[in-house]
Structure formats: C-alpha cells, structure tokens
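S.K.: Below: one structure in structure tokens.
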Amino acid sequence: MQMKPKLKNCILIAACIFALYLAIYYWPTVSGFLGSLYSASVSIIVGAVIAYILNILMTFYERRYFPKTKKQSVQKSRRPVCMILAILTFIAVIALICALVLPQFISCITLLIEKIPAAVRIIAQKLEDWHILTPQIVDSIMEIDWKSGMEKIIGVVSSGIGSVVDVAIGTVTSLTSVLITALLSVIFAVYMLAAKDKLKEQADRLMNCYLKDKHISCIRYVFNIFDECFHSYIVGQCTEALILGAMCTVGMLLLRLPYATMIGALIAFTALIPIAGAWIGAGVGAFMILTVSPMKALIFLLFILILQQIEGNLIYPKVVGSSIGLPGIWVLVAITIGGGIWGVPGMLFGVPLSATLYRLVGNHVRKKENLSASGIQEG
C-alpha cells in the first residue's frame, strides 16, 4: 500500500520533466504560442487589474451605503449603486487629471517650439562672449533658416516612415485596436465586479474538489497576504500622491510660479511611481517653467528638492512605507528590476509584489526560528 503513492509521485515527476524537455526542445513554437496567448489575454488581464482597483472604491462605498439598515431594497441596490459610484469616481479622477495637464502642456510645447530659435541665438551669443565659440560659428548659427530647417526635418521623417496614407492607416488601426482592448477590458471589469461573490464561490468549490485542505490553506494564506499588500500599497500610494500634489500646488502658488495647478496634478499623477515618479514630474515641470523664466525654473527645482525631503522622510514612511512593510532599499530594488523588465507597469507592480514576497519569506523565517528555538521540527 505504501508503494502506490511513491509510484504516483514518480510518474508525476517524470511527466513534468518530459514536458519541460518538450518545452525547451520546441521553444520557438512554445514561445510563439505563449505570445499569442498573451496577446489574446491582454484585455482580460487589464480588465482584472481595473476590477481590482475599482473594487477598492466599491468596497469603500459599500461600507458607507446605509450600513445599519436591513431593508431588502437597500441591500439589493447596494452592489449596483456602489459599483456605479466607483466607476464614476475613477472616470472623474482621470478626466480631472487630463483637464488640468493636457491643455497647458500642449500650449507649453507650442510656446517652446516658437521660442527655440531666439533661445539658441541668445545661448550662442553668450558662448561667444565667453570665448567658447568663434564668431564664425556664431554667425553661421544666426544665419540658420529655422523654418526651412523644420520643413526639411519633417520631409525626412515623412519619407522615412512611408507615405501619408500608410501612416494614417497604421495610426487608425493601432488606435482602433487600443480602443477595442480598452472597451473589452472595462466590460470584463464590470462583469467581474458584478459577479465577484459568485466567482469566489466557484473558486472555493474548485479548490475543495481538487485540492487537499493543507494546500487550500496555503493558497488562501498567500492570496490574503497578496491582497493585503496590494490593497495597502494602492491606497497608501494614492493618498501620498494626493498629499504631494496638493503641497506642490500650494507651494507653487505661494511662490508665484507658473503652471501651478497643472504641475501639481502632473506630480500627483507621476508620484504613483514610487521614489522616481515625483522626480519625473519635477523634470517635466521644470522644463515647462523654463519656457517662461529660467530663474523661476531654478526656484522650482529648489522647492521640489525641499518638498522631496519632506515627502521622503515624513510622508512616504508614514503613509506608504508602514502600510506595505517593505524597507526602502528593497523598494528601490523592486522599482529598478520591475522597470527594467516591464517599464512603467513594472515599476507600479514591482513594489507590492516584492512586499508580498518579503512578507511571505519573513513569516516563514520567523516560523522556522520559533520552531528551532522550541526544538520542534517543521512537519
């Protein structure tokens, strides 16, 4: 009777090794299949991420939607009403950010393009005064026809990327694909939110049917830590971003710096990326203020430097750091590795994933240490 489990385990291990061998030997085919599967699942993955974020807002509203009443009509309306409120809140935040940032950003770029020739001439004149450039080079720069130069650059770019019709068709196709993916993601997210209780019940039934109790407990333990870390990270990071954006806006208004509301909203948005995000927003903000006044751009950078010290030493440790329980050095490692693997999404998801792994490993190490101290071997 004891040989059957061992034989079963040996067959399972042999099957896994054989499957791994086939995957390595036919890797081009396997990688192509995985790529196609990922492309087909993008809308589902994005929809699941949107549903998870919206669920945080929805549960927030559900806790405050007549919590003490026992009326059947109120209880039936709680889920759809709170889901609609969560979706409207999400859309309102995105619309507010776009309304604050995009118009002034476009006008800033337009102004910058208009001022490039004059700025180049001023810089060239200064370099001549400092004896860095010769008068011949400066005269050549002064004689540049910037309008015709821009037309030549546009012509080279246009000829290099193909005809206007091909470019237009490619743009429309890409835009249509993105819109369809976004629409399917939103629809899938709404269905997940509406049926989250049923999905949870189905998952529990599947695990109870096919897995042992200890495996079910392990899965639920890992999932609960995963959910706790992601929930705390999203709430804490959004709160920290709002505080930083508000402080930036108020400070810029007091210092009479231009584009205060726009740069404050931009920094709040980019601050969702830990550590590096606020500096990205500060760089864009300084670049935009530079079109108005170089001295004000310098004042802005000094102000951001002071604000970052306050944020890094007071706000972030209190609001985000304590909520996810991940030391600063590992936050930096998670951002670096996540950004290198998957760009900005990797930066956003690298921190909570690392916090989950950090907590799981830490709990397991403490458990083994306690067992060792008690003289008990782990079963």
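The values are calculated or read from the model by the stated rules, or taken from the named source; none is laboratory data. Every value quoted in this text rests on a predicted model; they were computed, and no experiment measured them. Cβ placement follows ideal geometry from the backbone for every residue including glycine, while neighbour counts extend to all protein chains displayed.
S.K.: Out of all the residues in segment 22-44, which are touching a residue at least 24 places away in the same chain (Cβ under 8 Å) and either among the β-branched types (Val, Ile, Thr) or over 30 Å from residue 186 (Cα atoms) (or both)?
M.R.: Of everything in segment 22-44, those that are touching a residue at least 24 places away in the same chain (Cβ under 8 Å) and either among the β-branched types (Val, Ile, Thr) or over 30 Å from residue 186 (Cα atoms) (or both) turn out to be 42, 44.
S.K.: Please go through segment 237-255 and give me each residue that is of a type in the set (Val, Ile, Thr) and without any contact (Cβ under 8 Å) to a residue 60 or more places away in the chain, ordered by number.
M.R.: 249, 250
S.K.: Sort out which residues of segment 210-244 are buried (at least 17 other Cβ atoms within 10 Å of the Cβ) and not hydrophobic (A, V, I, L, M, F, W, C), and write them in order of number.
M.R.: Passing the criteria: 228, 231, 232, 233, 236, 237, 240.
Listed here are the residues, each with its yes/no results for (1) touching a residue at least 24 places away in the same chain (Cβ under 8 Å); (2) out of contact with any helix residue (DSSP H, G or I) (no Cβ under 9 Å at 6 or more places or on another chain).
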residue: 55; (1), (2): yes, no
residue: 58; (1), (2): yes, no
residue: 69; (1), (2): no, no
residue: 75; (1), (2): no, yes
residue: 78; (1), (2): no, no
residue: 88; (1), (2): no, yes
residue: 92; (1), (2): no, yes
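S.K.: Also: Among the numbered criteria (1) surrounded by 17 or more Cβ atoms within 10 Å (Cβ to Cβ); (2) under 18 Å from residue 96 (Cβ atoms), which single criterion is violated by residue 278?
M.R.: (2)
S.K.: Given (1) modelled with pLDDT under 90; (2) more than 23 Å from residue 97 (Cβ to Cβ); (3) of a type in the set (Phe, Trp, Tyr), where does residue 230 come up short, assuming only one miss?
M.R.: The single condition residue 230 does not satisfy is (2).
S.K.: A further question follows. Restricted to segment 346-377, and to residues that are more than 17 Å from residue 228 (Cα to Cα) and at pLDDT below 80, which residue is surrounded by the fewest Cβ atoms within 10 Å (Cβ to Cβ)?
M.R.: Per the stated criteria, the residue is 375.
S.K.: Tell me, please, whether a residue that is surrounded by 14 or more Cβ atoms within 10 Å (Cβ to Cβ), in a helix (DSSP H, G or I) and at pLDDT 80 or above can be found in segment 94-103.
M.R.: Checking segment 94-103: not a single residue is surrounded by 14 or more Cβ atoms within 10 Å (Cβ to Cβ), in a helix (DSSP H, G or I) and at pLDDT 80 or above.
S.K.: Still on this structure, I have one more. From 53, 24, which residue is at pLDDT 85 or above and surrounded by fewer than 10 Cβ atoms within 10 Å (Cβ to Cβ)? Walk me through it before giving the result.
M.R.: Numbers: 53 fails: surrounded by fewer than 10 Cβ atoms within 10 Å (Cβ to Cβ).
Selected residue: 24, the only one of 53, 24 that is at pLDDT 85 or above and surrounded by fewer than 10 Cβ atoms within 10 Å (Cβ to Cβ).
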